[in-house]
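Enquirer: The structure that follows is given in the form of structure tokens.
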Amino acid sequence: MNDIKVLLDDDEIPKKWYNIQADLPVAMAPPLNPKTMEPATPEDLLAIFPKSLVMQETSKERYIDIPKEILEAYFRVGRPTPLYRAKRLEEYLKTPAKIYYKREDVSFAGSHKPNTAIAQAYFNKADGIEQLTTETGAGQWGTALALGCSMFGLGCKVFMVRVSYDQKPYRRTLMKLYGAEVIPSPSNLTVSGSDILSKHPNHPGSLGLAISEAIETSLVADKTKYALGSVLEHVLLHQTIIGQETVKQLNKIDTKPDVMIGCVGGGSNFSGFIYPHLGDQLRNGNGTRFIAVEPESCPTLTKGEYKYDLGDVAGFTPLLKMYTLGHDFVPSPIHAGGLRYHGDAQSLSLLKNLGYIDAVAYNQLQTFEAGALFQRTEGINPAPETSHAIKAAIDEALKCKQTGEQKVIVFNLSGHGLLDLNGYEKYLDNKLENNINDAGSR
């Protein structure tokens, strides 16, 4: 029974974040200033982010201390989180594989996002900032940042992708309860949003456009900075608390993972989950396979180009070398709103390009089927984003059923789906569409 639920004591929480940049086999290509096309300097980034986060973004130190105030906040929102074995799912699949999942759904915000939202709110407050602006897709990031800002006494303004704003009304209710202002994007409050609405009045919105609106707002407001929930290296850094806990929990039951899986929008939950283990593999070799899972309607890692591209529509961000579908890409309005981003984190893209990470894509119906099966067997309602990882875990377990291999499969349960029940209701009523749009729209 000791491997059904693996817990860590409070004093076992990691005291440092792990930085993959210290162990990359080759250096990442530098971000470029979009105006000069020269490598971006720390000063370029200071217009958007506080100094402490810019220093983390560019650091090559393997470990970075977590301030005691952030550790205390982590305790308050449920860290360390448990690792579970999916025995009932294994029995249903009749697989010899062992399936484990790391439960990031147990935070106050219902996802992994507070791991960086709390950190970003703390560092901004320490640097004298009074308000943060951001974007959100499905609402998990906006909720997490609203939580973080409420914990450290900051104002919070969230531009929520319009299709998710309409699909997920209770997400915006949560943000408002934490004290945030929530605006559907595109909006008429910014030049970026107004330009799009003048051409496309019914535009469904995109994360790239919402980022433009949030950054534009931060640039014209006093003591205001922008906070990003994924893609950038300091965000992935904060999320490595997930993977470090997972390493400790697997060690407790003397288990080594053969496969580690996570869903990918920009890369924060997946990278935070696998990087501590991947870093060990880069240094010492351990033979684990890492699988990134994305929607067929937004296939950045499986069909995107590895090249320099902007992180937003209006061109406020530096150019990053990453897998991208183009910064003006508008994906289908699938319910996994957190996976509707046109690009991926630089380090994740580099590692994928070098062959250290595999990627697969599924359509919306496949992932909802997997999520529904997981709820029937394990009792937990997963977020539509997380159901992508569950689908891949199921497929890997069924391969073991065919081969007889007793592999250990571990995935990150990045969030719950209790505020996504509208999508599940459509699935149960056979009204859910695949929303596959491989070419995207521009």
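Every number here is computed from the coordinates shown, using simple stated rules; none is lab data. Not measured: the values here are computed from a predicted model. Neighbour counts are summed over all protein chains in view; Cβ atoms, including those assigned to glycine, are modelled from backbone coordinates with ideal geometry.
Enquirer: Among I394, L24, V77, which residue has its Cα positioned farthest towards the positive end of the charge dipole of the chain, with +1 placed on the Cβ of Lys and Arg, -1 on the Cβ of Asp and Glu, and the dipole taken about the Cα centre?
Expert: Going by the Cα projections, it comes out as I394.
Enquirer: Continuing with the same structure: What residues qualify as long-range amide H neighbours of I99, i.e. H under 5 Å apart, gap of 5 or more or another chain, H built at 1.01 Å from N?
Expert: HN-HN under 5 Å from I99: A86, I409.
Enquirer: Sort E245, E378 so the one with the fewest other Cβ atoms within 10 Å of its own Cβ comes first.
Expert: Values: E245 24, E378 20.
Listed from fewest to most nearby Cβ atoms, that is E378, E245.
Enquirer: Just rank Y323, Y424, fewest to most, by other beta-carbon atoms within 10 angstrom.
Expert: Numbers: Y323 29, Y424 21.
Fewest to most other Cβ atoms nearby, the residues stand as Y424, Y323.
Enquirer: Okay, moving on. Just check region 141-230 against the gyration tensor rule for me: Cα atoms, a ≥ b ≥ c as the square roots of the eigenvalues, rounded for a/c under 1.5, and otherwise prolate or oblate depending on whether a/b exceeds b/c.
Expert: Details: a/c = 2.28, a/b = 1.33, b/c = 1.72.
It is oblate, given that a/c is not under 1.5 and a/b is not larger than b/c.
Enquirer: Follow-up question, since we're still on this one. Once both labels are modelled 7 Å past Cα along the beta-carbon direction, what's the Y308-E61 spacing in nm?
Expert: 3.0 nm
Enquirer: Could you give the nm distance between label points at D23 and L189, where each point is 7 Å from its Cα heading toward the beta carbon?
Expert: If labels sit at D23 and L189, their model points lie 4.1 nm apart.
Enquirer: Moving on. Given 0.36 nm per residue, what is the gain on full extension from E69 to T36 after removing their alpha carbon distance, in nm? Could you put the intermediate results ahead of the total?
Expert: On the way: separation 33, 0.36 × 33 = 11.88 nm, distance 3.90 nm.
Gain in length upon complete extension: 8.0 nm.
Enquirer: Step through the residues of region 217-223 one at a time and calculate ³J(HN,Hα) from phi using the Karplus curve (6.51 cos²θ - 1.76 cosθ + 1.60, θ = phi - 60°), rounding each to whole Hz and writing x for Gly and Pro.
Expert: With the stated coefficients, region 217-223 comes to 5, 5, 6, 10, 10, 5, 6 Hz.
Enquirer: Y308's amide H: which non-local residues (gap 5+, or another chain) put their own amide H closer than 5 Å, with H modeled 1.01 Å from N in plane and none for Pro or chain starts?
Expert: Under 5 Å from the amide H of Y308: M322.
Enquirer: Quick one: grab the alpha carbon gyration tensor of region 292-345, order the square roots of its eigenvalues as a ≥ b ≥ c, and give me rounded if a/c is under 1.5, else prolate or oblate depending on whether a/b is larger than b/c.
Expert: On the way: a/c = 2.18, a/b = 1.40, b/c = 1.55.
Since a/c reaches 1.5 but b/c is at least a/b, the shape of region 292-345 is classed as oblate.
Enquirer: Still on this structure, I have one more. Let's see if you can work this out: charge +1 on each Lys and Arg Cβ, -1 on each Asp and Glu Cβ, no other charges. What is the dipole magnitude of the chain about its Cα centre, in debye to the nearest 20? Mind showing how you got there, number by number?
Expert: Working: 46 positive and 51 negative charges, 134 e Å.
Roughly 640 debye for the chain.
Enquirer: Let me ask another. Given the C-alpha centroids of region 378-404 and region 307-357, what is the distance between them in whole angstrom?
Expert: For region 378-404 versus region 307-357, the Cα centre distance is 25 Å.
Enquirer: Expressed in whole Å with the largest first, what are the equivalent ellipsoid semi-axes of region 298-382 derived from the C-alpha gyration tensor as the square root of 5 times each eigenvalue? Please list the in-between numbers first.
Expert: On the way: eigenvalues 157, 51, 21 Å².
One finds semi-axes of 28, 16, 10 Å for region 298-382.
Enquirer: Report, in debye and to the nearest 20, how large the dipole of region 153-220 comes out about its Cα centre when Lys and Arg carry +1 and Asp and Glu carry -1 on their Cβ.
Expert: Values: 7 positive and 5 negative charges, 53 e Å.
The dipole magnitude comes to about 260 debye.
Enquirer: Hey, rough spin-label estimate for K94 and I4, points 7 angstrom out along Cα→Cβ, what's it come to in nanometres?
Expert: About 2.4 nm, to one decimal.
Enquirer: Could you rank the peptides 306-315, 21-30, 387-396, 334-343 by their average count of other C-beta atoms within 10 Å per residue, with the highest value first?
Expert: Working: 306-315: 20.5, 21-30: 14.4, 387-396: 26.7, 334-343: 29.2.
With the highest mean Cβ count within 10 Å placed first, the list reads 334-343, 387-396, 306-315, 21-30.
Enquirer: Same structure again: Counting other beta carbons within 10 Å of each Cβ, put W141, W17 in order, fewest first.
Expert: Working: W141 33, W17 28.
By the 10 Å Cβ count, ascending: W17, W141.
Enquirer: Could you give each residue of region 332-344 its phi-based ³J(HN,Hα) in whole Hz, using Karplus coefficients 6.51, -1.76, 1.60 with θ = phi - 60°, and x for Gly or Pro?
Expert: Karplus values, whole Hz, x for Gly and Pro: 5, x, 5, 6, 7, x, x, 9, 9, 10, 7, x, 9.
Enquirer: From the helices alone, meaning DSSP H stretches of at least four residues, give me the mean residue ellipticity at 222 nm for the chain, per-run term -39500 (n - 2.57), in deg cm²/dmol to the nearest 500. Could the numbers behind the result be given before it?
Expert: On the way: 17 runs with 184 residues, N = 442.
Helix-only estimate at 222 nm: -12500 deg cm²/dmol.
Enquirer: With the dipole of region 158-215 worked out from charges on the C-beta (+1 for Lys and Arg, -1 for Asp and Glu) around the Cα centre, which of Y170, T190, V158 lies farthest toward the positive end?
Expert: Value: Y170.
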